[in-house]
1. Gain in length, SER159 to GLU17, computed as 0.36 nm per residue apart minus the alpha-carbon separation, to one decimal in nm?
2. Please tell me the relative contact order of the range 6-181 in percent, rounded to the nearest whole number, where contacts are Cα pairs under 8 Å and at least six residues apart.
3. Want the number for ALA143 to PHE170: 0.36 nm per residue separation, take away the alpha-carbon distance, what's left?
4. Enumerate the calculated ³J(HN,Hα) couplings along the range 86-100 in order (Karplus 6.51 cos²θ - 1.76 cosθ + 1.60, θ = phi - 60°), each rounded to whole Hz, writing x wherever the residue is Gly or Pro.
5. Rounded to the nearest whole Å³, what is the per residue volume of the convex hull around the Cα atoms of the range 6-181?
6. Could you line up ASP148, ASP82, ASP8 from fewest to most neighbouring Cβ atoms inside 10 Å?
7. Go ahead and run the numbers for FRET between VAL119 and ASP178, Cβ-Cβ distance against an R0 of 30 Å, rounding to 0.05.
8. Once amide H atoms are built 1.01 Å from N in the peptide plane, which residues 5 or more positions from CYS174, or in another chain, come under 5 Å H to H?
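Where a number appears in this text, it was derived from the coordinates with a stated rule and is not lab data. Only a predicted model underlies this, so the values are computations on that prediction, with no experimental measurement involved. Because the Cβ atoms are built from the backbone with ideal geometry, glycine has one as well, and the counts that use them run over all protein chains shown.
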Amino acid sequence: MNETGPVDKLIATANGEPVDEPFRVTGVMMQYYHVCERELWFASRHLEIDRENASVVRGTQVDESAYADERQNLSLGMISLDLLQDGRIVEVKPSSTLEEPARMQLSYYLWYLEEIANVSREGVLAHPTERRRETVELTNERAAKVEDAIRAIHEIVTSETPPEAVEKPFCTSCAYHDFCWC
C-alpha cells in the first residue's frame, strides 16, 4: 500500500483492507483529544484510569441507568453507540460540562457511519441528569474538524512521549490526575 495519511489509514483499517500500519480511532479517543491530549496519550497506552474517581463513578452510574430500557450499546467496527432512537444516534453524557468534546465524539460517530457504512444519520447529545437534548448534524465544517482531529490523534498516539501537561480547570477531577501532577 502506498504511503497514506491517517484518515485514509483509518478508513482502510475499518474496511478490512490491508494496511501497513492499521489505525483505529474510537469515540472515547475523539473525546479525549478534545479534552486533553495528554489524557489521550495515556489512554492509547492502555494505562488504566482511576475507577474510583468521582467523575468516573458518576459517568458510569449515568451510563448504566439512563435509557436502561432502550440501551443497546451497538458496536460497529471502531465505534460503540449508546442508543439508536427513531433512527437517530444518541450519545448519553452525565453532564454538559465538556459539551464540545461530547459533540465531537458524536460527530465522529456520524462521520464514521457516513464514510464507512455509507449511512447518513442525525445525532442527539443527551444529558439525562440535566433533562437536556441537543441535535448534532454532520455538516461539512464539522466533518472537516473530525478529519483534522483524526490526523492530530494519529500524531499524538504514535508519539514516543506524552504531550506536556497543561493545567486545565477540570484537571483535579480527571482520572489521570496523578500521572500529570503528583
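1. Difference between extended and current length: 48.7 nm.
2. For the range 6-181, the relative contact order is 27 percent.
3. 7.0 nm
4. So the J values, rounded to whole Hz, are 6, x, 9, 7, 10, 10, 9, 10, x, 7, 9, 4, 10, 5, 5.
5. Given the Cα convex hull of the range 6-181, per-residue volume reads 119 Å³.
6. Ranking ASP148, ASP82, ASP8 by Cβ neighbours within 10 Å, fewest first, gives ASP148, ASP8, ASP82.
7. Details: r = 41 Å, r/R0 = 1.36.
After rounding to 0.05, the efficiency reads 0.15.
8. It is none; the list stays empty.
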